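First up is the structure itself, then whatever we jot down about it.
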6 protein chains.
Amino acid sequence: MANRLKQRLQSGKACVNGWLAIPSGFAAEVMAQCGWDGICVDLQHGVQDYLSMVGCLQAMQAHPVTPVVRVPSNEPGIVGKVLDAGAMGVICPMINTRAQAEAFVASCRYPPAGQRSNGPIRAALYGQASSYQRTANDEVLTMPMIETQEAVDNLDDILGVPGIDAVYVGPSDLSLSRGGAPVLDNDDPETLAIYDRIIEACNRRGIVPAIHTGHPDHASRMLQRGFRLVSVSNDIGLMAQAATAAVQATRQAAGPVAR
Amino acid sequence: MANRLKQRLQSGKACVNGWLAIPSGFAAEVMAQCGWDGICVDLQHGVQDYLSMVGCLQAMQAHPVTPVVRVPSNEPGIVGKVLDAGAMGVICPMINTRAQAEAFVASCRYPPAGQRSNGPIRAALYGQASSYQRTANDEVLTMPMIETQEAVDNLDDILGVPGIDAVYVGPSDLSLSRGGAPVLDNDDPETLAIYDRIIEACNRRGIVPAIHTGHPDHASRMLQRGFRLVSVSNDIGLMAQAATAAVQATRQAAGPVAR
Amino acid sequence: MANRLKQRLQSGKACVNGWLAIPSGFAAEVMAQCGWDGICVDLQHGVQDYLSMVGCLQAMQAHPVTPVVRVPSNEPGIVGKVLDAGAMGVICPMINTRAQAEAFVASCRYPPAGQRSNGPIRAALYGQASSYQRTANDEVLTMPMIETQEAVDNLDDILGVPGIDAVYVGPSDLSLSRGGAPVLDNDDPETLAIYDRIIEACNRRGIVPAIHTGHPDHASRMLQRGFRLVSVSNDIGLMAQAATAAVQATRQAAGPVAR
Amino acid sequence: MANRLKQRLQSGKACVNGWLAIPSGFAAEVMAQCGWDGICVDLQHGVQDYLSMVGCLQAMQAHPVTPVVRVPSNEPGIVGKVLDAGAMGVICPMINTRAQAEAFVASCRYPPAGQRSNGPIRAALYGQASSYQRTANDEVLTMPMIETQEAVDNLDDILGVPGIDAVYVGPSDLSLSRGGAPVLDNDDPETLAIYDRIIEACNRRGIVPAIHTGHPDHASRMLQRGFRLVSVSNDIGLMAQAATAAVQATRQAAGPVAR
Amino acid sequence: MANRLKQRLQSGKACVNGWLAIPSGFAAEVMAQCGWDGICVDLQHGVQDYLSMVGCLQAMQAHPVTPVVRVPSNEPGIVGKVLDAGAMGVICPMINTRAQAEAFVASCRYPPAGQRSNGPIRAALYGQASSYQRTANDEVLTMPMIETQEAVDNLDDILGVPGIDAVYVGPSDLSLSRGGAPVLDNDDPETLAIYDRIIEACNRRGIVPAIHTGHPDHASRMLQRGFRLVSVSNDIGLMAQAATAAVQATRQAAGPVAR
Amino acid sequence: MANRLKQRLQSGKACVNGWLAIPSGFAAEVMAQCGWDGICVDLQHGVQDYLSMVGCLQAMQAHPVTPVVRVPSNEPGIVGKVLDAGAMGVICPMINTRAQAEAFVASCRYPPAGQRSNGPIRAALYGQASSYQRTANDEVLTMPMIETQEAVDNLDDILGVPGIDAVYVGPSDLSLSRGGAPVLDNDDPETLAIYDRIIEACNRRGIVPAIHTGHPDHASRMLQRGFRLVSVSNDIGLMAQAATAAVQATRQAAGPVAR
């Protein structure tokens, strides 16, 4: 099956990615109609597990967004399960060494490129059942997270692992690992210098640099800086911000009786 | 148990109410921290059923919002179930006649005021188990919906039913029943005249006039007009609007590469 | 399929019935191994809905208890669904008139005895698929609740409806309807006189008198009085009492350090 | 949104309909790829409730089948909920009189044709949000069930209710109500004469005659007889038959060691 | 508790095993009445997780099939959980080395044979609570999967690990790892030679050779070849095949109007 | 956010802890009102998974108990998820070596103390969103289980790992690992000597000694012996004991008719 997110990236376009923390297919199908290029179900920090993710993937399938999943850790069982369920991209946290990157890629690729086990129970539904396995190694995006100083130090080693399609920067963990606060939209010069180094190293190898952001303004600046894929906030954060603003605007405009 | 929404209304303040269509306790507990006075779980048009509502009520309980539920229809079984689960207010659609209003109130009140059956399985957890039943008839807000021309015609009959605490105007159904389009935030003079008539009739009897709205500006105008409780959009609508805006803002600011 | 609860009642034995308010098949299968003759999934005041009930019925099936369900109201849709799911007895709240009793029985019986619709999706699994429909009208226990003064006044009318197997007394609602507090285990003489009248009227017609109770001592007294089936507390109540007692006993015996 | 099932029927083609009793979006999405024209989620006799139905509708949406739902009873709350969730056709059991048929149609149609309440929370996702309400009265198929002798006697009264698109024959209930066994695929002459009468009455009024069947051979004969839509067995029945056959074939072919 | 599957295998009989990919206790209980000797809940490639598996195990318990579970990976946490939930056999994917086999067996056996942690929360329900732990090491079937060339190369090492009861061949992964397509029912001579080698090695050690198959004819040939346990397709595959055939047969027999 | 359980322990008081095996927020919220200081959701041996745990944590939040979670194994993905969901204490089974203890602590602590990834999706709701990450390393209780002879042998090594707040003794596994039966409340002198050694070693380092027990009498003796936190039975065990006793008491008192 064709991966639209990959096609768009390959055509030179940048992608805007949504993020699902609410364990609800209904929230997912509505998000899928908001204009994102891809949407990631977050099994790591989202309130999601395997079956809620399946519900989200099912609910998104009728809409033109590419389904991505972030796994909770670099464990082959769950990587296999999210791919079998139809994820067309996998984000894996805390890839700090070449060995970890190799293990992650191996979990995502069928032999001989890796050790993924056959059984694409939902994934094969996306395309011709007989063709999924032939194209999956090419179509599935592998996206290890670069989110520690150790990972930055090992960047070339990690990027050199065959089969990596993108790296996904986790800004708040990167900041924590460098002794800072867990800030998402970080504009300090040292951090930006690391971002530039990552972007450059990716560009040298044809790998897509991606990053998580909290707001559209930071997201757009990151795209201008050279990232090719940005996630912006998530379902619950967008809802909470909008709800808080709606309450305040209503009370404000209505006057003292509503405060 | 004290009903904060009722207390605030009795103190002369107006209330801003949130609305839950997403069947997720996680969405509910986040909404419960956004500043609303009350939050309604919508079993009629929301993607909710009894058990998802229980999850929402559980998740909201630690936060200072009064739980309200809209039932799908004026059927005594479901009215009893939402009250037993801890709803402190019940909105019932399509109350068009005095007989319907009487049946609804009877479902909400213990004898001798009504025919509610005893068994407040979660509701009693909110307060002293031994006291819930003594105070429930006073604390639970009954809120029949006025949302057809027939209901407007029968307004005095309906408001005269003992035990009605508020009426909740459904603007889009009211418009449909009057031959219009299903518009939520309606400012045409005829509609506003009906609203004024409802507000006035409520005020004469000490009943709270309430209304559903789609945006803070309309909500605040309705409060200024005399409504005492307004709901503003819902969880999924706020999320979808914010998500669509975030995608567009990101693409716009990033330039052609992101379109 | 043979209904063991009915067989035991017909053999002249009294039955002790358990009660499920927790929406969990795991709680149900453990309750099913505690010695009850029957166990009722409570869709009215329990935290249960149709699918949690199915999970409870599935989990109980391997164990020697007869599955009973209390529906939330006398609505034919839900009565049909609980029977199709395998309930071998149905308790229906608030049967106050002969017409209500007739409607309830009609929902429980296939034609010509009633109007139940064919489709025993799980029920037929209990026995030979081809035989369920032939025996269901005989095996399924219909148990209208007598829980208002109105019902007591109409007792003979109600009991005269063909197809009623038992009446289930709801003590706290009966007390509420008579102007009292919602007490479960009620020993005042007027109440006991009503119980005796119900027992006697049932005995005259070969109908089983049943009652809900809160504690084993009251339950056993009700059996001695002539009731033939008693429910005792419920899953959550038994757990809460035992947990509270365990905490207190531990703190007490451990001394001041644990208070 | 265009209703493909309706379009196909209007083009003069007959339709083959699938049936979902398993409460699983995964089963639904696989069924949706098996070639059916429409698929019905059965809330009456299936092991389904509102939220499992939503999961099935979400999972089917990417596939070219029209979603239909059978409600458990002619209760306006649930009819509204299944339509809001996106059902493009509603089958309602036990429509025996003109009044019942009128009430059912009223629950399915927005004013002025009926009394459906506005709030198509998922349904509007299928098309342009602003257009759903304008076309829903035309696109949604109303399908009362004719499944008792009483309904057959009142056939012309029922068919004369404006807004009925099809009638759905329930063969086993029809047989039960006429004193027979609950047989699905019924070829006795009296039954076939009733079918012919229904088909003819439908054809006179441009209403689609539909019927439930258990096997392809009976289904195809019913189509040849004049029915325009047939359902064939259901998900669980097809699975059980195939599984039983697979076990037997394996044991048979493997020889004594496998018996 | 006695393990019927094990008893049957020990008596010299071959076993036919079913397979559950649908996360539904209802599908499971129906499969459990189709004649299989054992049924496996597939947590690896099935749309299953821990709680859906519990629902399947509960629903199967009343029926004479032995519950087996395939875990997603060789991780001790999930192996312990499936055993505690009552699995009487565990299939573990991708056991390629002796060390992996030892780790798997250790997860399945209580000390001193292994390192399983005590707490059989559902498993003890199957038998006498006090006896489960005494017999579990004998009754639980350990079934590592042989599904790579590496595993075949290490066969004797793997089979030599004390406590292995069976090996389960995964044909499509074995084919992939050997450079072929992911074919399930594989009859090429090289593959059959590997199967024969596995069967022979198992027989030498009293270990049961088992294999997954797609169709009854291949399954029976595998039994004739010497495998002692075969799985045949799965719930969803059997359903999809039967549904597709039913649609086609109906359209075919009905003629052009139904195409 | 302040951790009440930790505060109470630091004040010199002993704590009584509840235990949740039933996957139900309703059971959890009722347990949370029974007087426990903390309550642990058991993902290892309980019938719990991640989302059922979230439901339990949500339902407990309004009540004054500190939420604790036992993870199924020492795997960083699940440790991170339970903390993000709001666990204020984590119990980890089978910590037998210093290296395992270090890995567990690293999963629980943000850098620089460990490697926990940032994203406290629910945890931050408990307090000020901006402060959770600053205080979490101090507030979250890490509780490795000492439940094998190997762990006892390595006790000083394990206790020496910086960041361990308590050790939680698993009596039945400890007994199994020492060649005994899986007894929970164990009073044999050798076992008690081990307990005393653990208590003493903990006291030397300011670490809290904790233990699981089956009954209040043993629990209180363990507190008197020097343990500072005891868990007593669990939700399902307390329910089953109480239910069995209620049935027996009722039958006994009612006489022969009820046996």
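The values are calculated or read from the model by the stated rules, or taken from the named source; none is laboratory data. For clarity, every value in this text was computed on a predicted model and none was experimentally measured. For neighbour counting, all protein chains shown are included, and Cβ atoms are generated from backbone atoms with ideal geometry for every residue, glycine included.
Observations on the model:
- Positions within the stretch C:149-178 being surrounded by fewer than 19 Cβ atoms within 10 Å (Cβ to Cβ) and more than 25 Å from C:ASP138 (Cα to Cα), in sequence order: C:GLN149, C:GLU150, C:ASP153, C:ARG178
- Considering the conditions (1) under 17 Å from the mean Cα position of the chain (by Cα); (2) within 27 Å of D:SER172 (Cα to Cα), D:ALA99 is excluded by exactly one of them, (1).
- Only residues that are acidic (Asp, Glu) and touching a Leu at 6+ places or on another chain (Cβ under 8 Å) were counted in the stretch D:207-259, giving 1.
- Residue in the stretch A:56-68 that is within 12 Å of chain F (Cβ to nearest Cβ), surrounded by 24 or more Cβ atoms within 10 Å (Cβ to Cβ) and at pLDDT 95 or above present: no
- The single condition among (1) more than 27 Å from A:GLY170 (Cβ to Cβ); (2) within 17 Å of the chain's Cα centre (by Cα) that F:PHE104 does not satisfy is (1).
- Each residue in the stretch E:179-193 was checked for being in contact with a Leu (Cβ under 8 Å, 6 or more places away or on another chain) and surrounded by fewer than 20 Cβ atoms within 10 Å (Cβ to Cβ), and 1 pass.
- Subset of the stretch E:40-85 [within 21 Å of E:SER107 (Cα to Cα) and among the β-branched types (Val, Ile, Thr)]: E:VAL41, E:VAL54, E:THR66, E:VAL68, E:VAL69, E:VAL71, E:ILE78, E:VAL79, E:VAL82
- Consider the stretch E:219-228 and keep the residues that are touching a Ser or Thr at 6+ places or on another chain (Cβ under 8 Å) and within 8 Å of chain D (Cβ to nearest Cβ). The one that is surrounded by the most Cβ atoms within 10 Å (Cβ to Cβ) is E:ALA219.
- Within the span defined as the stretch B:70-84, one or more residues are in contact with a strand residue (DSSP E or B) (Cβ under 7 Å, 6 or more places away or on another chain) and either away from chain C (no Cβ under 14 Å) or among the charged types (D, E, K, R) (or both).
- Per-region count, the stretch D:113-128, residues assigned to a helix (DSSP H, G or I) and either away from chain B (no Cβ under 14 Å) or more than 21 Å from the chain's Cα centre (by Cα) (or both): 3
- Screening F:GLN33 against (1) of a type outside the set (A, V, I, L, M); (2) over 21 Å from F:VAL169 (Cα atoms); (3) in contact with a helix residue (DSSP H, G or I) (Cβ under 6 Å, 6 or more places away or on another chain) leaves a single unmet condition, (3).
- Filter result (free of Cβ contacts under 8 Å to residues at least 40 places away in the same chain and more than 14 Å from chain E (Cβ to nearest Cβ)) within the stretch F:7-27: F:GLN7, F:ARG8, F:GLN10, F:SER11, F:GLY12, F:LYS13, F:PHE26
- Within the stretch E:175-201, residues that are basic (Lys, Arg) have Cβ atoms under 9 Å from residues that are part of a helix (DSSP H, G or I) in these pairs: E:ARG178/E:GLN149; E:ARG178/E:VAL152; E:ARG178/E:GLU190; E:ARG178/E:THR191; E:ARG178/E:ILE194; E:ARG197/E:VAL152; E:ARG197/E:LEU155, counting only partners at least 6 apart in sequence or on another chain.
- Condition broken by A:ARG259, with the remaining ones in (1) under 21 Å from A:ASP173 (Cβ atoms); (2) in contact with a Lys or Arg (Cβ under 6 Å, 6 or more places away or on another chain); (3) charged (D, E, K, R) satisfied: (1)
- Screening F:PRO209, F:PRO216 for residues that are within 14 Å of chain C (Cβ to nearest Cβ), within 19 Å of the chain's Cα centre (by Cα), closer than 27 Å to F:ILE22 by Cα and in contact (Cβ under 8 Å) with a residue 24 or more places away in the chain leaves exactly one candidate, F:PRO209.
- The residues of the stretch E:137-157 that are among the aliphatic types (A, V, I, L, M) and either at pLDDT below 95 or more than 18 Å from the chain's Cα centre (by Cα) (or both), listed by number, are E:VAL152, E:LEU155.
- Test for A:ARG98: is it modelled with pLDDT of 95 or more, among the charged types (D, E, K, R) and closer than 15 Å to E:PRO93 by Cα: no
- Check on D:ASP196, surrounded by fewer than 24 Cβ atoms within 10 Å (Cβ to Cβ) and within 12 Å of chain E (Cβ to nearest Cβ): no
- Selection count where residues are surrounded by fewer than 23 Cβ atoms within 10 Å (Cβ to Cβ), under 19 Å from the mean Cα position of the chain (by Cα) and either within 7 Å of chain B (Cβ to nearest Cβ) or hydrophobic (A, V, I, L, M, F, W, C) (or both), scope the stretch A:234-259: 0
- For the stretch A:228-237, the candidate set comprises residues that are assigned to a helix (DSSP H, G or I) and not hydrophobic (A, V, I, L, M, F, W, C); within that set, the residue that is nearest to B:VAL30 (Cα to Cα) is A:GLY237.
- C:GLY55 within 23 Å of C:GLN224 (Cβ to Cβ) and in contact (Cβ under 8 Å) with a residue 24 or more places away in the chain: no
- Within the stretch F:185-227, the set of residues being of a type in the set (A, V, I, L, M) and touching an Asp or Glu at 6+ places or on another chain (Cβ under 6 Å) is empty.
- Among (1) closer than 25 Å to C:ALA245 by Cα; (2) at pLDDT 95 or above; (3) of a type outside the set (D, E, K, R) - the single one F:ASN186 does not satisfy: (2)
- Of all the criteria given as (1) over 16 Å from the mean Cα position of the chain (by Cα); (2) more than 28 Å from E:VAL71 (Cβ to Cβ); (3) touching a residue at least 40 places away in the same chain (Cβ under 8 Å), the one not satisfied by A:MET31 is (1).
- Residue satisfying all of: in the stretch D:74-112; among the acidic types (Asp, Glu) and in a helix (DSSP H, G or I); surrounded by the fewest Cβ atoms within 10 Å (Cβ to Cβ) among these: D:GLU102
- Here the condition is being closer than 15 Å to E:PRO76 by Cβ and without any contact (Cβ under 8 Å) to a residue 40 or more places away in the chain; of F:GLY119, F:GLY77, it holds for F:GLY77 alone.
- Some residue of the stretch B:36-54 being over 14 Å from the mean Cα position of the chain (by Cα), of a type in the set (Gly, Ala, Ser), more than 14 Å from chain D (Cβ to nearest Cβ) and not in a helix (DSSP H, G or I): no
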